[in-house]
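Worksheet: the structure to be examined is printed underneath.
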Protein chains: 4
Amino acid sequence: MEREHNLIPADTLWKSFLYRIIYRSDTRLGKLFDIILLSLIFLSTIIIMMESVPKIDKKFHYTFIVLEWIISLFFTAEYWARIIVVKNKKNYIFSFFGIIDFLALVPFYLSFIFPVTKYFLIFRMLRMLRIFRIFNLLDFMNDGYFIVRALKNSSRKIYIFLLFLVIFSVIVGSLMFMVEGGRTGFETIPQSIYWAVVTVTTVGYGDVSPITPMGKFFAIILMLAGYSIIAVPTGIVTAEMRNKRQNLEIVCDRCGNEDIDDDARYCKQCGKKLA
Amino acid sequence: MEREHNLIPADTLWKSFLYRIIYRSDTRLGKLFDIILLSLIFLSTIIIMMESVPKIDKKFHYTFIVLEWIISLFFTAEYWARIIVVKNKKNYIFSFFGIIDFLALVPFYLSFIFPVTKYFLIFRMLRMLRIFRIFNLLDFMNDGYFIVRALKNSSRKIYIFLLFLVIFSVIVGSLMFMVEGGRTGFETIPQSIYWAVVTVTTVGYGDVSPITPMGKFFAIILMLAGYSIIAVPTGIVTAEMRNKRQNLEIVCDRCGNEDIDDDARYCKQCGKKLA
Amino acid sequence: MEREHNLIPADTLWKSFLYRIIYRSDTRLGKLFDIILLSLIFLSTIIIMMESVPKIDKKFHYTFIVLEWIISLFFTAEYWARIIVVKNKKNYIFSFFGIIDFLALVPFYLSFIFPVTKYFLIFRMLRMLRIFRIFNLLDFMNDGYFIVRALKNSSRKIYIFLLFLVIFSVIVGSLMFMVEGGRTGFETIPQSIYWAVVTVTTVGYGDVSPITPMGKFFAIILMLAGYSIIAVPTGIVTAEMRNKRQNLEIVCDRCGNEDIDDDARYCKQCGKKLA
Amino acid sequence: MEREHNLIPADTLWKSFLYRIIYRSDTRLGKLFDIILLSLIFLSTIIIMMESVPKIDKKFHYTFIVLEWIISLFFTAEYWARIIVVKNKKNYIFSFFGIIDFLALVPFYLSFIFPVTKYFLIFRMLRMLRIFRIFNLLDFMNDGYFIVRALKNSSRKIYIFLLFLVIFSVIVGSLMFMVEGGRTGFETIPQSIYWAVVTVTTVGYGDVSPITPMGKFFAIILMLAGYSIIAVPTGIVTAEMRNKRQNLEIVCDRCGNEDIDDDARYCKQCGKKLA
């Protein structure tokens, strides 16, 4: 962020001014902008939800349309402002948030050309992802990054675990298809696999449940398995989070101790004052 | 506690005496007081529950009213005693337990002015929180504090995780609304989000469950996701609890730092060698 | 065990011989005895289960009665043998397993005096606990003890957590009673509390589920809470298990390192050969 | 793998060439072979699933039969090629994957002799296990091995935990049989045990749920227990994963010990200083 800011040419003072409001939150106007943005994202999400409830939509249909216009126009203006104000325009447009910002606008403008269908919904919902923009404002970036990094570092192990789990569910599902034959909910193998996943993940809707004693016996084994192997992803992520300092750069330069808490001012191993 | 005690003026001996009974449990009368208090809180909770069961309420209606009177008068007397006896009255009144003690009395007295409605219930239920008063008596304070501190220290990470989870559920819920159309339980987006949360948290009531093959396929992915990412809050809290001394008595005697890891040889705050 | 053995008087050789068979499994007869015992416990449990299934009971009623007689007589003989053979009889009789052994016999003999009721069942089921006797045989003692110790050490923290959870469920249940009024499953506060526990523990039977939008909103919050705070008991137990060596006596006598794996022959911190 | 490769006799160049394609993936043909194999395994699984859906099977019955022929012939050819090409044939045939490869072929050839029944299914489904062959290709071996080793190392503790859990469920199930008498879902002890397992593992289908207040009270206790003791397997596996190097390449170069903790400075097996 700091660096981007420095790249802004000094010739256009208003661009620099606008940049500060839009991309940073260290001024009063910048904070106000962030709050308005957050409110509109929130409002937009609520409207999309409420439109799907016939009773409410009937009552407030025109209000919703007007609000949608206002929000969309604001987002459009904001999107242009972001492009104009930033130096490396290409970088912004093809960044994660640049694409989200763009996709959030598309359904509104497409609705003039094509008839509105419920499939527009999901694009409008993507606006919610813009909430993460606000993290800078709230100093939550580090903690969010901590979680994402732990998940990313353990992702390969978790994929393998899920592969095990899926193959296990497919085999157990097929077994149950043989055991429970054509009974309700076990008519086909995919249905039986659906049941196996519902069971092993301990969700247990109960829309499908074993009927024969043999089926119940298998279900008991599957449930105990699911209850035990939840330990695997938990263990993986916990082990990953375990030794990670959130600030990776701090090491004691006297004894080399790397296990330094965020709030430490002295090394707990050798007592040296930390820089 | 110790300090508060010292602040009591020596001129009123009976205040000092009462203080010891009410606020401490190192005398026989003090212990008796604690036990009576605990019993009345427990009794009060049972009465509130039983009053809601028509069959039982019909039978014991007058007993309940009488008991409620006795308990409320005792609590009132106790509240006044606490205020009179303590030196810094304002501190007590606006402390967490002071407010709870007050709110627990309000519904009883309001019921003379306004007609009793079921909304009084929740205030009466707040009395249960007074149970935590009793922790001093049972030496459970340290362990309770250990849990609260671990949750507090990891609260920011857990909030972010919940934010991820909510946004994820909203998007998945919207997707399911598109997939399962107007089928039972997926009539509106909020309903579909309700289903998504029921599924991702592995609760799985089964009051709403996917019907179409496509819906079941999405449900499988969502269940596997929920089963895996439960590792995140678990990992966060475990990592937080991991290095914390469970014996809270070890404190740096130079700077008073209480956050000392099990393997620390020097205080990380002031660099003092630990005993 | 070793010690008990030494206490046996040398004067009665057959007692010493029987002691070895019953209490130890280092002889062929001793192993055979353990296997017979284990089989009978298992058989006994199966019979109790099958007796409760009318269709099966009708068919095998007399077989079950005969088997029950044989098993009970064997257990009686074994119980007397254990008492006769052991030196410190009182110690055995009032030990955990001594009491279990006795209670497992009681229902059989009571059934001659009193009419058999289904309440005898639970005592007969206690026989299952005798399975843990067999652990000596299988070298599982250490691992079982590891789990029990971890649970015992963290039991106070877990009790407090459960107290939090129960109070939380009672308050949420009362709130839901107010929100969902007299709707099915929320007719009384105890019923609403039942629902709250079903939800917060992520069991989610679905026999009771929220109906009103407001109720569903509360349920969402409760589910997210339950999904997150499962981290607390997990974190407590994991932290407890974390630093425990299974063999507590081994410490490096050069550097004092206590974190020594079961299979270590050299200290991983200073390289010293371990005794 | 490396070693096996060296054992191939130089006299038959085409065997060496084929070996490289089949067993390794460092050539373009080798990679192509792996991809074709993976696709066929995947296709085969999909066909088995789809055959169980009457509507789809009716439409594509002959396509499925033809595809099954092609896949089976390819797998047969591959199986022979593997045997011919490898030097130590016996080793391959009786290895885990050798047996899986063989079992995956059996149902196809048996179907010429015996009438096809749904019990052939499960053998055909075993083909899915061949997917793990592909791990070499994707460098997932290490991570998969990490999970398997953690589970293997903690398996004894987990078995004991499951034994506890099963005995606990049997006793609780019997208690509920007494409490809920002959009510729906609690007609027999095995049924009540099924309910107990469904509850304690937090699956909660809801096909059986307590009806009487007493039953609900027991259920509450069981749910709280299940919610808390899930911490046990989680703690066991996490503790196991905790100190294990995730980078398996670090090995003691004196004694070949691979089980080296992250904080180790000396090999715990031979005492050599680690690099």
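The numbers here are math on the coordinates, done by the rules we state, and not lab data. Keep in mind that this is a model prediction, so the values were computed, not measured. Every residue, glycine as well, gets a Cβ built from its backbone with ideal geometry; the counts of neighbours run over all protein chains shown.
Counting partner chain Cβ atoms within 10 Å of every residue's Cβ in C:123-129, what's the average?
Values: counts 0, 1, 10, 2, 0, 6, 2.
That average works out to 3.
Using 1/(1 + (r/R0)^6) with R0 = 51 angstrom and r between the beta carbons of A:Thr63 and B:Asn91, what's the FRET efficiency to the nearest 0.05? Mind dumping the intermediate values first?
Details: r = 49 Å, r/R0 = 0.97.
Given R0 = 51 Å and the Cβ-Cβ separation, E is 0.55.
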Ordering of C:41-48, D:196-203, B:90-97 by burial proxy (mean other Cβ atoms within 10 Å per residue, highest first) | D:196-203, C:41-48, B:90-97
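Hey, can you rank C:222-231, D:104-113, B:226-235, B:162-171 by average C-beta count inside 10 Å, highest first?
Values: C:222-231: 23.4, D:104-113: 14.5, B:226-235: 26.4, B:162-171: 18.4.
Result, highest mean Cβ count within 10 Å first: B:226-235, C:222-231, B:162-171, D:104-113.
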B:Tyr119-B:Ile84 FRET efficiency (beta carbon distance; Förster radius 30 Å; 0.05 resolution) | 0.40
Give me the lysines in straight-line cross-link reach of A:Lys58: C-alpha distance below 18 Å, same-chain residues under 8 apart excluded.
-> A:Lys118
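Say R0 is 56 Å: what FRET efficiency, to the nearest 0.05, do B:Ile56 and D:Arg133 get from their beta-carbon distance?
Details: r = 65 Å, r/R0 = 1.17.
For B:Ile56 and D:Arg133, the calculated efficiency is 0.30.
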Each label point is 7 Å from the Cα along the Cα-to-Cβ direction; what then is the distance between the points at B:Lys273 and A:Leu32, in nm?
-> 6.0
If you put a point 7 Å past Cα along the Cβ direction, how far is that point for B:Val148 from the same point in each other copy, in nm, smallest first?
-> 3.5, 3.5, 4.9
Separation of region D:141-190 and region A:134-213 by C-alpha centroid, Å?
-> 19
Given C-alpha coordinates of region A:39-89, what is the ratio Rg to Rh with the Kirkwood estimate of Rh?
-> 1.17
Long pairs among B:Lys216/C:Lys216; B:Lys152/C:Lys272; A:Lys89/D:Lys31; B:Lys31/B:Lys157; B:Lys31/B:Lys90; A:Lys157/B:Lys152, criterion Cα-Cα beyond 31 Å = B:Lys152/C:Lys272; A:Lys89/D:Lys31; B:Lys31/B:Lys157
Give the distance, in whole Å, between the Cα centre of region D:84-99 and the Cα centre of region A:40-99.
-> 62
For D:184-196, mean number of other protein chain Cβ atoms within 10 Å = 4
Write down the radius of gyration of region B:77-125 and its Dmax, each obtained from C-alpha positions, in Å.
-> 12.5, 37
Relative frequency of Cα-Cα separations exceeding 17 Å in region C:32-122, percent | 55
Output for region B:150-208 (equivalent-ellipsoid semi-axes, sqrt of 5λ from the C-alpha gyration tensor, Å, descending) is 27, 12, 6
Compute the distance in nm between two label points, each set 7 Å from the Cα along the Cα-to-Cβ direction, one at C:Lys152 and one at C:Val106.
-> 2.4
Counting only other chains, what is the mean number of Cβ atoms within 10 angstrom of the Cβ of each residue in peptide A:161-171?
-> 4
